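The values are calculated or read from the model by the stated rules, or taken from the named source; none is laboratory data. This one's a predicted model, so the numbers in the text were calculated from it and none came from an experiment. Note that each Cβ is placed from the backbone with ideal geometry, even for glycine, and that neighbours are counted across all protein chains shown. These area figures cover heavy atoms from the full protein model, side chains too; ligands, DNA and RNA do not enter into them. Shrake-Rupley method; radii C 1.70, N 1.55, O 1.52, S 1.80 Å.
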Amino acid sequence: MSFKAFQPTDIVVSSDSITATLWSTNTPQLTTFFTSSTQVASTAGSYYYNIYQTGSTLSGSAVQFAIAYGNADGSGSLNFNNLVNGRSPTSTVYGQYQDLVLGDENTDFIFGAITSSEFIAISFERARYKESLFLGSLSLTLKGPIAASGSITLTDNSNYVSSVVYTNGGMRVFQLMSGSQGVKFSGSATTSDGFSTNSGSYGWFLPDIGTILLNPKALSSPTASGGIGFVFSGSATASAAPVTSPLVPIFTAISGGASFYINSQETITSDFVFVRPQSSEFNYSENPSFISGSTGEVLYSQFINNPQTYITTVGLYNNNNELLAVAKLSRPLSKDFTSEALIRVKLDF
């Protein structure tokens, strides 16, 4: 075994961006959506619904994302205490996303140029995406409550911004617009930015935390203003829960659209280590077939002045002589005084 210290020029760091499908179906489009009756009926169901790609009790079923509704005033769910108005699951959801996204519970969400006290959150299951959501891959179709209201397809405006905007929470934020796969739709029902008329953008695209925030005001607008007539059924009071959870029409709009495209993205950092056996190096071996174990002499006289070895393995050691990694060559590499080699070792993290 022979050792050689690496020089700074022997190590190169490289980064590659890799995209992959997000859904557990290994396809870029999800067309079927299911909830779990057990989860919906539980306490957690007051805050969010888990969405599956197939029936939750079937083999292979897995959570793809969750939907939630946040309202600063607590509307849409029953108050925790009848004596404390405006404190409910929806206000809790709103406050959680304020802290997570905005980093300040006193800051409001601004969709386009419209300040909103409510949102619909779509949070992807952490196991579904690797590092972040892939910009320009979103295509979410939402169906209106009646046939006459039609549908709308949304995407992010990352292809139309000259500089990236960050929230106070330190994450990138892009506006949602009418379009598909990062391409804006043009039409009389939307503005030149692809936003709804009078109600701002359709929400926020937050790739770094795997979250989409939809703007209910924009979706609630009539078709002529770029919306789909989206409405919540009933409202909550201090003593009575809403007629229907606001999550029900949200789920209906997503499942009715039956088309959700999104991909994930991951940056793979690789260290390339170049091992350079020069002509005068690594020509002798301590292998018992090369050197006598009892006397330490070279067994074959022709190997004294004209040795030949075969490199099969490269081991990477630290300064304490501890083995950190091993690289196996695809085939033995012949080495003698008349040859040099260049071996590239790739380490992925």
- Query: Taking the stretch 1-36 on its own, how many of its residues are under 30 Å from ASN320 (Cα atoms) and in a strand (DSSP E or B)?
  - Reply: 5
- Message: When you scan the stretch 104-112, do you find a residue that is of a type in the set (A, V, I, L, M, F, W, C), under 21 Å from the mean Cα position of the chain (by Cα) and crowded, with 20+ Cβ neighbours inside 10 Å, even just one?
- Response: no
- Item | Breaking point among (1) touching a Gly at 6+ places or on another chain (Cβ under 9 Å); (2) assigned to a helix (DSSP H, G or I); (3) surrounded by fewer than 18 Cβ atoms within 10 Å (Cβ to Cβ); (4) of a type in the set (Gly, Ala, Ser), for ALA44 | (1)
- Of all residues in the stretch 23-35, count the ones that are buried (at least 19 other Cβ atoms within 10 Å of the Cβ) and not aromatic (Phe, Trp, Tyr). 2
- Item | Residue selected from the stretch 159-180 under the condition open to solvent by less than 20 Å² (accessible area, probe 1.4 Å) and not aliphatic (A, V, I, L, M), by the criterion modelled with the lowest pLDDT | THR167
- Item | Of all residues making up the stretch 305-336, the number that are in a loop (DSSP other than H, G, I, E, B) and either touching a residue at least 12 places away in the same chain (Cβ under 8 Å) or in contact with a Lys or Arg (Cβ under 9 Å, 6 or more places away or on another chain) (or both) | 4
- Message: Considering only residues that are of a type in the set (Ser, Thr, Tyr), within 23 Å of PRO216 (Cβ to Cβ) and part of a strand (DSSP E or B), which ones fall in the stretch 157-194?
- Response: SER178, SER180, THR190
- Note on the structure: Of the residues in the stretch 55-80 that are hydroxyl-bearing (Ser, Thr, Tyr) and touching a Gly at 6+ places or on another chain (Cβ under 9 Å), the one that is modelled with the lowest pLDDT is SER75
- Message: Anything in the stretch 285-304 that is in contact with a helix residue (DSSP H, G or I) (Cβ under 8 Å, 6 or more places away or on another chain) and assigned to a loop (DSSP other than H, G, I, E, B)? List them, or say none.
- Response: PHE290
- Task: State whether one or more residues within the stretch 216-227 are buried (at least 24 other Cβ atoms within 10 Å of the Cβ) and either among the aliphatic types (A, V, I, L, M) or under 21 Å from the mean Cα position of the chain (by Cα) (or both).
- Result: yes
- Mind listing whichever residues of the stretch 302-311 are modelled with pLDDT of 75 or more and not aliphatic (A, V, I, L, M)? ASN305, ASN306, PRO307, GLN308, THR309, TYR310
- Can you list the strands (runs of 3 or more DSSP E) found entirely within the stretch 56-149 that contain at least 2 residues being closer than 24 Å to GLY229 by Cβ and of a type outside the set (Ser, Thr, Tyr)? 63-71, 109-111, 118-124, 139-143
- Considering the stretch 318-335 alone, what residues qualify as being of a type outside the set (Gly, Ala, Ser) and over 39 Å from the mean Cα position of the chain (by Cα)? PRO332, LEU333, LYS335
- Message: So for the stretch 200-220 (the condition being out of contact with any Phe, Trp or Tyr (no Cβ under 8 Å at 6 or more places or on another chain), closer than 21 Å to ILE146 by Cα and either at pLDDT 95 or above or not in a strand (DSSP E or B) (or both)), does at least one residue qualify?
- Response: no
